[in-house]
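Undergrad: First, the structure itself, so that you have it in front of you.
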Amino acid sequence: MKRIITFISVFALLLTACEGDPGPPGFDGFDGLDGEIAPAFEIENVDFTPGNNYTVRENYGFEVFPTEVTLVYILWKDNPGQQQDVWRLVPQTIIFEDGNDLVYNFEFTSIYVDFFLEGSNLEILDDIWTQNKVFRVVVVPAINVGRGTNINNVDYSDIKAVIEAYNITEFSKR
């Protein structure tokens, strides 16, 4: 029995005493939202027409990773002379009194974002609904979006909360 205990003790000492070359250093990790600035831009004068099939494409102009998602906001109410305009997270749906409907929507890839209209009868819409629209685009890490609770409990439907959480100081104009 003493030999077994001695053998196990010597074996354990040999294993703990062995040391090899250290491995290569790892990549820097993601530290959360602290100090992170999300890429953001604003596209003005977007016109939806039958000629463009009620779709407008905008290339990002920067790299978007598979682990990121795009958020799109539409200028809903312009408040000249007041401090804050009203922005709404897309998609947004409008049901008109005549039963016609309109949806401002978008889709994105790692290269571009498409803004488009959907609805029952887009041809009868007044220009106020289809011309000179303004959108803001923000690209954020996907891990933060869509969770009931996340790192900072950001309300992604509120553009002001997103601007604050991601330290966005300006939207580049396109």
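The values are calculated or read from the model by the stated rules, or taken from the named source; none is laboratory data. Note that the structure is a prediction, hence the values are computed from the model and not measured. All Cβ positions, glycine included, derive from the backbone under ideal geometry; neighbour counts span all protein chains shown.
Conditions (1) hydrophobic (A, V, I, L, M, F, W, C); (2) under 16 Å from the mean Cα position of the chain (by Cα); (3) modelled with pLDDT under 90; (4) surrounded by fewer than 14 Cβ atoms within 10 Å (Cβ to Cβ), marked per residue:
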{"site": "Thr130", "(1), (2), (3), (4)": "no, no, no, no"}
{"site": "Lys133", "(1), (2), (3), (4)": "no, no, no, no"}
{"site": "Val138", "(1), (2), (3), (4)": "yes, yes, no, no"}
{"site": "Ile143", "(1), (2), (3), (4)": "yes, yes, yes, no"}
{"site": "Val154", "(1), (2), (3), (4)": "yes, yes, yes, no"}
{"site": "Val162", "(1), (2), (3), (4)": "yes, yes, no, no"}
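Undergrad: May I pose another question? From the list Asn105, Asn53, Asn100, which residue is at positive phi and either touching a residue at least 12 places away in the same chain (Cβ under 8 Å) or over 12 Å from the mean Cα position of the chain (by Cα) (or both)?
TA: Among Asn105, Asn53, Asn100, only Asn53 is at positive phi and either touching a residue at least 12 places away in the same chain (Cβ under 8 Å) or over 12 Å from the mean Cα position of the chain (by Cα) (or both).
Undergrad: Are there any strands (runs of 3 or more DSSP E) wholly within region 49-168 with 1 or more residues that are within 14 Å of Pro39 (Cα to Cα) and among the aliphatic types (A, V, I, L, M), and if so which?
TA: Output list reads 68-77, 112-119, 133-141.
Undergrad: In the set Arg88, Arg57, which member is surrounded by 11 or more Cβ atoms within 10 Å (Cβ to Cβ), of a type in the set (D, E, K, R), at pLDDT 95 or above and under 23 Å from Thr169 (Cα atoms)?
TA: Arg88
Undergrad: Also, I was wondering about something else. Only residues that are surrounded by 13 or more Cβ atoms within 10 Å (Cβ to Cβ) and among the polar types (S, T, N, Q): list them for region 91-119, please.
TA: If the condition is that a residue be surrounded by 13 or more Cβ atoms within 10 Å (Cβ to Cβ) and among the polar types (S, T, N, Q), then Gln92, Asn100, Asn105 are the ones that fit.
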